[in-house]
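The values are calculated or read from the model by the stated rules, or taken from the named source; none is laboratory data. In this text, all values refer to a predicted model and were calculated from it rather than measured experimentally. Cβ atoms come from the backbone with ideal geometry, glycine included; neighbour counts cover every protein chain shown.
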Amino acid sequence: TWNLELGTWNLELGTWNLELGTLNLTMPQPSILGRWYANPLPPDEARQLLARSEQREQECKRHGGNTFTCQLQIMVSRFWLNETIHDHYLMLRPVAARNAHGRVLLELVYGQLLISKRLAGGMPHLEEGFKQALRLFAASDYLQVMNRHRLLRQLPLADTPTPAEPLEALLTTARVIERMKQSDKLRPALEHDPKDTYG
């Protein structure tokens, strides 16, 4: 297991809370896999998070601690500063691979970040994280994430980012799209008479 100091990451909200202080977490704790970590951060808060995460990373290195969570926070903060994070994600993969929960968390967080801006690459990472987490989820987490992903699949995604949205806004849009698709399926098809030259 990992013994991590998560610092400013508020796992209850799935957002970054700079006033939280130090939170000790002994991994594995399956409930962290069911949460959303990609609600938008204003630039000032992202810069504060970046500074504190980099400082905590150096402290962990000096004491021989695990820096994975610090690196994950750095990746998230850089994303909200509109920096490209794909290389950071690739750099973290071998670190995350040392622990089953780490692998899942990296895929889910990276996928969530991309989906928050409706980027097309997001869903494959969410699906991969979900697949890897099947034996790690608590029952409630499994149902929550499965339903969340089902809705997020409804969103139109693209290679060009859109303005970031919090999870609830994404899910609201997804539910509207899902209902529209269901209505289309229930609408009876109109039969066309080929002899009718006016129709």
Verdict on PHE137 being at pLDDT below 95, under 16 Å from the mean Cα position of the chain (by Cα), under 29 Å from THR172 (Cα atoms) and crowded, with 17+ Cβ neighbours inside 10 Å
yes
On the given criteria, is ASN147 polar (S, T, N, Q), outside any helix (DSSP H, G or I) and within 24 Å of ALA169 (Cβ to Cβ)?
no
Filter the stretch 114-134 down to the residues that are without any contact (Cβ under 8 Å) to a residue 40 or more places away in the chain and not in a helix (DSSP H, G or I), then identify the one that is farthest from the chain's Cα centre (by Cα).
LEU134
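To keep it simple, each residue is scored yes or no on (1) crowded, with 21+ Cβ neighbours inside 10 Å; (2) polar (S, T, N, Q); (3) closer than 23 Å to GLU127 by Cα.
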residue	(1), (2), (3)
ALA51	no, no, no
THR69	yes, yes, yes
PRO94	no, no, yes
ASN99	no, yes, yes
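Here is a yes/no grid of residues against (1) in contact with a His (Cβ under 6 Å, 6 or more places away or on another chain); (2) assigned to a helix (DSSP H, G or I); (3) farther than 22 Å from ARG47 by Cα; (4) modelled with pLDDT under 95:
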{"position": "SER77", "(1), (2), (3), (4)": "no, yes, no, no"}
{"position": "GLN112", "(1), (2), (3), (4)": "no, yes, no, no"}
{"position": "ASP141", "(1), (2), (3), (4)": "no, yes, yes, yes"}
{"position": "THR162", "(1), (2), (3), (4)": "no, no, no, no"}
{"position": "THR173", "(1), (2), (3), (4)": "no, yes, yes, no"}
Give me the pairs, please: first residue somewhere in the stretch 170-199 and closer than 20 Å to ASN147 by Cβ, second residue anywhere and modelled with pLDDT under 90 and surrounded by 10 or more Cβ atoms within 10 Å (Cβ to Cβ), beta-carbon distance under 8 Å, and either six or more positions apart or on two chains.
none
How do the pairs read when you match residues in the stretch 42-62 that are among the small types (Gly, Ala, Ser) with residues anywhere that are surrounded by fewer than 17 Cβ atoms within 10 Å (Cβ to Cβ), using Cβ under 7 Å and keeping only pairs 6 or more apart or on different chains?
ALA46/LEU81
Are there any pairs with C-beta distances below 6 angstrom linking a residue in the stretch 139-151 that is more than 14 Å from VAL104 (Cβ to Cβ) and touching a residue at least 60 places away in the same chain (Cβ under 8 Å) to a residue that is surrounded by 12 or more Cβ atoms within 10 Å (Cβ to Cβ) and of a type outside the set (A, V, I, L, M), with the two at least 6 apart or on different chains, and if so which?
GLN144/GLY34
